[in-house]
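Report on the structure given below.
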Amino acid sequence: MNHQHEPENQDQDSVWDYFIEKIKFWTHDPVEKEKIETPGPITNKPAFPWLSLVSLMLGLMAQLTFEPSPGRTPWPGIILYLAAGGCLLASILRREWRLPDLIPDQDEPMSTAFRLDFFLIGLLLAILAFVLFGNGSFGLLNTFLWLLSIVFIFLSFGKMIKKEGQARKEILSWIKAENWRICISRWTIIVLGVIAIILFFNFYRLDSVPPEMVSDQAEKLLDINDILNGSRAVYFPRNTGREPIHFYLTALFMAVFNLEVSFLNLKIVAVFANLLTLFFIYLLGKEIGNKWVGLGAALFAGMAYWPLLFTRLALRIPYYPLFVAPVMYFMIRGLRRQDVMDILLTGLFLGLGLYGYTPFRIVPIFVVLGTIIYLVHKPAENKRLQAIFALALITLVSLVVFVPLLRYWLANPDLFAYRAFSRLTGMEAGFQKAPALIFLENFWKASIMFFWDNGVIWAHSIPGRPALEIVSGALYFSGIIGLLVRYIRKRRWVDLFLLVSIPMMMMPSILSLAYPGENPSLNRTAGAVVPVFVVIGLSLETFIRTFRARFSGLLAKFAPAAILGILVLWSGLNNYDLVFNQYYQIYRASSWNTSEIGDAARFFIESIGSPETTYLVGYPHWVDSRLVAINAGQAGRDFAIFPEQIPATQNDPRAKMFFVNMYDTENIELLAETYPWGALWKHDSDVENKDFMIFFVPPMQGTGANDN
């Protein structure tokens with residue numbers, strides 16, 4: 001077959017002939033092919049991009065059939081997606097639909113010049129800090145030595161950060177200038193619009209969506225309260241162990257602004273973590289594609305129901321994607337540009353991520369795998385030693401950053417590893433079948449969660465629906481197809497790196513071998529948010545660029561903008577309904593109304609009662625008494641009282657209030673016998689089937705209100 005490139009004339013060649021010619025694309029030289037297919041200026045308008053348009057429409061229809069409905073079946077969606085994939089492949093082979101070009105890798109190898117004396121000082125300080133962290137707490141001396149060790153490791157490569165210093169000087173000179181010139185371009189207006197949309201979805205009804213806390217939030221707020229009261233733990237052992245960064249950041253926020261320990265303030269810090277993640281998603285999309293890819297990825301991730309739910313739940317989950325994003329960004333950038341500073345920053349964020357959320361522990365393995373992916377591809381020729389050096393440097397920096405937790409891990413290996421190994425091994429529950437078979441089933445379920453079923457956990461998902469809404473799902477499908485085809489044709493390591501990152505970031509869910517019913521879960525797959533939405537950004541940019549390049553006349557001016565507007569609006573409306581209607585209603589019906597009980601307790605405490613005489617009578621599978629105390633402004637207290645303790649409360653003459661479950665007739669009778677002069681009434685809840693009883697005991701004669 002003659003592989004000589006000829007001018008494209010799609011009007012004369014049939015699709016079938018072109019397909020037959022291109023079906024053997026793997027026989028072409030990838031490097032030569034890349035040079036041939038680099039998009040150039042379009043002199044003659046090509047044919048109408050009907051294949052791309054039909055592919056997009058079929059993909060949207062396919063994902064629409066996967067939406068939850070009575071009698072839902074996957075087959076219509078599968079058939080439509082197969083048709084959409086066929087049209088997309090044909091459009092790719094006709095060179096109608098092409099992903100944006102990748103930035104070429106740096107030809108020059110990485111410079112390894114560094115200050116040996118600073119390097120040795122940094123290592124010595126890290127060792128000293130490691131020894132001093134034996135007490136399991138952040139103290140003044142050990143923390144100072146630890147931070148100083150990180151600084152010296154970075155300074156040991158001081159020659160490589162001159163350009164960063166120059167950039168800082170330019171920024172400072174701009175700030176000090178008497179007159180500032182601000183240019184408002186179309187790009188600026190679009191960016192401001194995207195930021196406005198993202199801020200709306202992240203902060204709208206933050207106080208009420210979700211409306212209630214669950215026991216996990218009680219654990220977090222109690223740890224934060226401990227920090228505010230002087231605790232400086234490296235690792236928090238409450239509830240099988242927790243990494244600390246979420247607690248310290250939230251405690252700092254509450255302390256600086258003198259705020260109450262509350263669910264809303266916990267949410268606010270989580271939202272800012274999500275916003276920072278979106279910034280790095282933008283940078284990653286820009287590095288892999290262009291600024292439009294980054295902006296589209298950040299926009300769709302900023303509206304998406306999946307990250308919005310686990311962000312608003314305000315647990316540690318947002319810290320998984322928060323650190324995955326910069327690790328991926330700086331690693332790709334560092335290997336591509338052979339930049340030592342980017343490699344150092346990769347190690348920094350890799351180490352910091354281990355303080356965020358337990359599933360992040362898969363990321364060091366991914367970094368090794370990502371380096372191997374780079375090593376086996378053509379850009380690594382003559383630079384393999386530099387790549388191995390980069391991996392060693394990432395490992396070293398991340399290890400130094402990890403020093404406090406490493407010391408705790410070695411001292412408490414069972415507690416530190418318990419959460420991960422309880423799911424991976426049979427230490428808590430035996431395997432239901434062969435582990436290999438469970439792994440394959442889990443892998444399949446996690447892989448299709450974007451299109452079909454994201455799991456059954458109502459706290460951070462809508463059970464039984466896809467993880468992506470209609471528009472995002474269709475764009476993700478197209479993006480994956482495009483990346484697979486481009487990798488097969490051109491063997492670009494970044495494409496494989498991005499593709500492999502998705503299942504790797506879902507491994508903490510896939511590896512739930514002892515509890516396969518917990519897979520898929522949107523919390524343990526949260527790191528995949530980063531590559532998934534970069535893929536969506538790539539797909540969106542490619543569709544819009546294709547339409548702009550191939551539409552003619554007025555269509556070229558208005559049709560791409562209209563299509564983009566429809567896709568963004570449709571996605572936004574879908575996500576709005578999922579978050580602020582469907583999720584809100586499911587969560588409200590599934591969680592206990594501890595805020596209502598807490599409000600009643602707060603009113604009692606601030607009027608004639610006291611925290612010590614406020615009680616919640618225990619009842620199976622009812623509210624968490626600690627949450628009631630937190631909602632009443634009494635973080636750190638527990639209002640729980642057991643039936644056998646009720647008679648002893650007669651020794652306290654102050655006013656008392658008992659909250660009792662509606663169906664706890666036995667304890668209602670006990671209270672009536674203990675306090676015949678008490679008053680009982682039902683509190684009608686705003687939520688159906690969440691009413692509760694209040695038993696009030698007035699103070700004994702001569703006892704003043706709030707008399708301690």
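Only one residue of 700, 675, 663 has its Cα farthest out toward the positive end of the dipole of region 663-703, where Lys and Arg carry +1 and Asp and Glu -1 on Cβ, and that residue is 700. Where a ≥ b ≥ c are the square roots of the eigenvalues of the C-alpha gyration tensor, would you call region 361-405 rounded, which needs a/c under 1.5, or, failing that, prolate if a/b is larger than b/c, or oblate? Here region 361-405 falls in the oblate category. Each part reduced to its alpha carbon centroid, region 109-124 and region 615-657 end up 59 Å apart. The calculated FRET efficiency for residue 585 paired with residue 437, based on their beta-carbon distance and R0 = 41 Å, is about 0.65.
What is the magnitude of the charge dipole of region 129-278 about its Cα centre, with +1 placed on the Cβ of each Lys and Arg, -1 on the Cβ of each Asp and Glu, and no other charges, expressed in debye to the nearest 20?
820 debye
Taking Lys and Arg as +1 and Asp and Glu as -1, the other residues whose beta-carbon sits under 14 Å from that of residue 310 total +4. A crude spin-label estimate for the pair residue 556 and residue 429, with each label 7 Å from Cα along the Cβ direction, gives 6.0 nm.
Indicate the gyration tensor shape class of region 280-362 (rounded, prolate or oblate), computed on the Cα atoms with a ≥ b ≥ c the square roots of the eigenvalues: a/c under 1.5 is rounded; otherwise a/b larger than b/c is prolate and the rest oblate. Judged from the Cα gyration tensor, region 280-362 comes out oblate (a/c at least 1.5, b/c at or above a/b). How much mean residue ellipticity at 222 nm does the chain get from its helices, if each DSSP H run of length 4 or more adds -39500 (n - 2.57) and you divide by all residues, to the nearest 500 deg cm²/dmol? Estimated from H runs of four or more residues: -18500 deg cm²/dmol. With label points built 7 Å along Cα→Cβ from the Cα atoms of residue 566 and residue 662, find their separation and express it in nm. Using points 7 Å along Cα→Cβ, the separation is 4.8 nm. Starting from the Cα gyration tensor of region 516-581, take the square roots of the eigenvalues, sort them a ≥ b ≥ c, and report rounded, prolate or oblate (rounded when a/c is under 1.5, otherwise prolate if a/b is larger than b/c, else oblate). Note, shape of region 516-581 comes out oblate. With R₀ set to 30 Å, the beta-carbon distance separating residue 603 from residue 240 gives a calculated FRET efficiency near 0.25. Given a Förster radius of 56 Å and the C-beta distance between residue 638 and residue 57 as r, what FRET efficiency does 1/(1 + (r/R0)^6) yield to the nearest 0.05? FRET efficiency, residue 638 to residue 57: 0.50. Built from the Cα atoms of region 594-697, the convex hull projects on average onto 6.1 nm², one quarter of its surface area. For the set 383/490; 286/490; 286/378; 286/383; 220/433, the pairs lying more than 26 angstrom apart at their alpha carbons are 220/433.
Can you put 88, 140, 132 in order of Cβ neighbours within 10 angstrom, beginning with the fewest?
Values: 88 25, 140 8, 132 19.
In order of increasing Cβ crowding within 10 Å: 140, 132, 88.
Available extension along the chain between residue 173 and residue 195 is 5.2 nm, counting 0.36 nm per residue and deducting the alpha carbon span.
Dipole of region 532-628, Cα-centred, from +1 at each Lys and Arg C-beta and -1 at each Asp and Glu C-beta, to the nearest 20 debye?
Details: 7 positive and 7 negative charges, 174 e Å.
I would put it at about 840 debye.
Rounded to the nearest 20, the Cβ-based charge dipole of the chain about its Cα centre (Lys and Arg +1, Asp and Glu -1) stands at 2660 debye. Think of the chain as having a plus end and a minus end, set by charges on the Cβ of Lys, Arg, Asp and Glu; of 66, 578, 503, 503 sits farthest toward the positive end of this dipole.
Note on residue 182 and residue 144: the model spin-label points, each 7 Å out from Cα along the C-beta direction, lie 4.1 nm apart.
Considering only 78, 156, 116, whose Cα is most displaced toward the positive end of the charge dipole of region 69-166, charges sitting on Cβ of Lys, Arg (+1) and Asp, Glu (-1)? Farthest towards the positive end: 78. Once you reduce region 414-484 and region 531-572 to the center of their Cα atoms, the two points are 30 Å from each other.
A straight chain from residue 113 to residue 447 at 0.36 nm per residue would run longer than the Cα-Cα distance by 115.9 nm. Short-range pairs are left out: with C-alpha atoms under 8 Å and at least six residues apart, the relative contact order of the chain is 16 percent. Relative contact order, whole percent, for region 114-158 stands at 62, derived from Cα pairs under 8 Å and 6 or more residues apart. Look at the alpha carbon pairs under 8 Å that are at least 6 residues apart: their mean separation over the length of region 594-697 gives a relative contact order of 26 percent. Counted residue by residue at 0.36 nm each, then reduced by the alpha carbon distance between them, the extension gain from residue 612 to residue 95 reaches 178.7 nm.
Each reported figure results from applying straightforward, stated rules to the coordinates on display, with no laboratory input. None of the values given here were measured: they were computed from a predicted structure. In this analysis, Cβ positions are derived from the backbone assuming ideal geometry, glycine residues included, and neighbour counts consider all displayed protein chains.
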